[in-house]
Amino acid sequence: MSETTVDETRVDSRESMESMDDDEKGGFRGKDGEGKFGRKNAKYKKKVCKFCADKALLAGLDYKRVDILERFVTNRGKIIPRRITGTCAKHQRVLAREIRKSRSIGLLPFKVL
């Protein structure tokens, strides 16, 4: 059995890590802020509330308009959060209230199996 100490093993593992490419380590590949997937300081486009932009759509928002309400519900029946849809807080509350009304009278399903 060879006599290696813990310190020697640490040095060996560091040397083997240094000899690996960045791809093998799973680290960052690029420079100047480029991330692992090649995006360079990716900026996301600000989502605009559809109801603020189009007042006619807001006027047409009603519990009976299932075609509009279905856009804001997942295929499992959950209300899509505002961070995904881009609606403002005021209109998200109105939208959720109308979806709940529509569910209670049976126009929208509570849960899709």
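Every number in this text was worked out from the coordinates using simple rules, so none of it is lab data. Keep in mind it's a predicted model, so treat the numbers as computed, not measured. As a convention, Cβ positions derive from the backbone with ideal geometry for all residues, glycine included, and neighbour counts pool all protein chains shown.
Key figures for this structure:
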| read-out | value |
| --- | --- |
| Selection of trypsin sites (Lys or Arg not before Pro), the stretch 47-89, meeting DSSP coil and at most 13 other Cβ within 10 Å | 47, 64, 76, 78 |
| Residue-wise HN-Hα coupling along the stretch 56-70, computed from phi with Karplus coefficients 6.51, -1.76, 1.60 (Hz; x: Gly, Pro) | 5, 5, 5, 5, x, 6, 8, 5, 7, 8, 5, 4, 6, 5, 5 |
| Chymotrypsin sites (Phe, Trp or Tyr not before Pro) restricted to DSSP loop in the stretch 50-113 with at most 12 other C-beta within 10 Å | 110 |
| Nonlocal amide H pairs with residue 86, under 5 Å, H built at 1.01 Å | none |
| Cut-off under 5 Å, modelled amide H: who pairs with residue 73 long-range | 80 |
